[in-house]
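The values are calculated or read from the model by the stated rules, or taken from the named source; none is laboratory data. Treat the numbers as computed from the prediction; the structure is a model and nothing was measured. Cβ atoms come from the backbone with ideal geometry, glycine included; neighbour counts cover every protein chain shown. Remember, those area values only see protein heavy atoms, side chains included, never the ligands or the DNA or RNA. Shrake-Rupley method; radii C 1.70, N 1.55, O 1.52, S 1.80 Å.
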Amino acid sequence: MTNIEQIAKEFTEFLNEWHSIPEVYDNELDAQIHRWYAEVENVWPKRPYFSPSAANSDKRELYMKTIGAKKDSFPRAPYQSRWQRIGTAIGDIIQRDILFAEKHFERLTGKPPRFRFEKDSLGRPMFEDFAKTNAEVNHRGHTFYLYGLPDGIMEYVTEDGEILRIGLEIKSKQTSAAKTSEYSLREPDIKHVKQTVGYSKMYNLDYFIILYVNAAKKSWFISDEDYAKTPDIRAFGLSFTEEDRIELYDYLADVLDCAKTKQPPALDLSKWTFNNFKTACAKDLTDEEMAELKAYTSRVLKSNLRASEKEDIYDAFESIKEMRAKGEAV
């Protein structure tokens, strides 16, 4: 039986060994990567579609998107844009390193790499635009598509030479070194797990590795003991069954049921921060729903939830009230 947790541990060791080697320069491979991107063909989404990254989004947000509501175009704080760009760059770095290791790891270590990217019919690595696709789902009377760009589909070579296909999802942490400590990060974030369930359907994968890379460091020199407690990368191995995928299909089919009957699902204030249809959602809320959200917020403030969670709920409700008061949503 495949031990995906052990494989995730080996993936961390593989990256650590590669990153312990003096940086390898390969202009030819870098040029090839740029050519692949320059020549990539567009793959457009088929409708209706959901992105795996939205697998844990608020149903009300997904409902507004499904019925064709206008997406928000608010200006963002510049540090937020930089934060997002740095996260994307971290994913690019890991993808490039895996490609470089496939070519140079054995020459430098005397051992063949246990991990490499699966290749498409044109010899391109299966990640990002080279792996973009529409995966059709037929569930509960609905036909819809899963559409997106995975961080990678890897091949792992077992001790006896068997090749296992394993998905890769790369996530960044940037606020503090503690975010990837053994104490703080005991399991992958549920929204990231649900995202990989979607990709498992799209690419027929039973196994996945979620890799967290922390851009924040304690210092340039860290003792082995400190690093063991607070490493800057953490990998979690996951395995999925059809039951896991059906749970995701049910969640998305609920949204389509609501869109068909024009009965919007309730708004989840805990998911407001990254809701991309805030204005549309606020405009769509009825007075009765606003009263329910007010009562819910009041209960939350009196509950035993963490202070940060209470603050998020309160800020979300106040934001909706402010939008409506300004006439942006009424």
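What to note about this one:
- Region 174-233 - convex hull of alpha carbons, volume per residue in Å³: 95
- Label-to-label distance for ILE21 and ARG35 is 2.3 nm, based on points extended 7 Å past Cα in the beta-carbon direction.
- For GLU118, the amide hydrogen comes within under 5 Å of the amide hydrogens of MET126, ILE153, MET154, GLU155, counting only partners 5 or more places away or on other chains and with H modelled in the peptide plane.
- Distance (nanometres) between label positions extended 7 Å along Cα→Cβ at ASP72 and ALA216: 2.3
- Within region 21-51, backbone nitrogen closer than 18 Å to the virtual label 7 Å beyond the Cα of ARG107 toward Cβ: 21-33
- FRET efficiency, GLU28 to GLN84 (Cβ-Cβ, R0 30 Å, nearest 0.05): 0.45
- Taking amide H as placed 1.01 Å from N in the peptide plane, TYR49 has its amide H under 5 Å from the amide H of TYR145, each at least 5 places away in sequence or on another chain.
- Computed over region 62-115, Kirkwood Rh from alpha-carbon pairs, angstrom: 14.9
- Computed over protein heavy atoms with a 1.4 angstrom probe, the accessible surface ordering of LYS321, LYS173, largest first, is LYS321, LYS173.
- Taking 0.36 nm per residue of separation and subtracting the current Cα-Cα distance, fully stretching the chain between GLU311 and ASP160 would add 49.1 nm.
- Added length on full extension, which subtracts the Cα-Cα distance from 0.36 nm per residue, ASP129 to ARG47: 27.6 nm
- Column: log10 I(q)/I(0), Debye, Cα scatterers of the chain, q = 0.07, 0.11, 0.12 Å⁻¹: -0.35, -0.84, -0.99
- Against the main long axis of the alpha-carbon atoms of the chain, helix 190-202 sits at an angle near 70°.
- In order through region 77-91: 3J(HN,Hα) via Karplus (6.51 cos²θ - 1.76 cosθ + 1.60), integer Hz, x for Gly, Pro: 4, x, 5, 5, 5, 5, 4, 5, 5, 5, x, 4, 4, 4, x
- Whole-angstrom gap from region 103-155 to region 180-203, using each part's C-alpha centre: 17
- Dividing the helix sum by the residues of the chain, where each DSSP H run of 4 or more adds -39500 (n - 2.57), gives a mean residue ellipticity at 222 nm of -15000 deg cm²/dmol.
- For the pair SER303 and SER270, label points projected 7 Å from Cα toward Cβ lie 0.6 nm apart.
- Region 115-216: proportion of alpha-carbon pairs further apart than 25 angstrom, %: 31
- Efficiency of FRET from Cβ geometry, LYS191 and SER319, R₀ 35 Å, rounded to 0.05: 0.95
- Distance cut-off 13 Å, percentage of C-alpha pairs in region 26-66 lying past it: 68
- Over the C-alpha trace of region 34-180, radius of gyration and Dmax come out as 18.7, 56 angstrom.
- In Hz, Karplus ³J(HN,Hα) per residue of region 44-61 (6.51, -1.76, 1.60; θ = phi - 60°; x = Gly, Pro): 8, x, 8, 10, x, 9, 10, 8, x, 5, 9, 4, 10, 5, 4, 4, 5, 4
- Each residue of region 258-264 is assigned a 3J(HN,Hα), and the resulting list reads 5, 5, 5, 8, 6, 10, x Hz, derived from the Karplus form 6.51 cos²θ - 1.76 cosθ + 1.60 (θ = phi - 60°), x at Gly and Pro.
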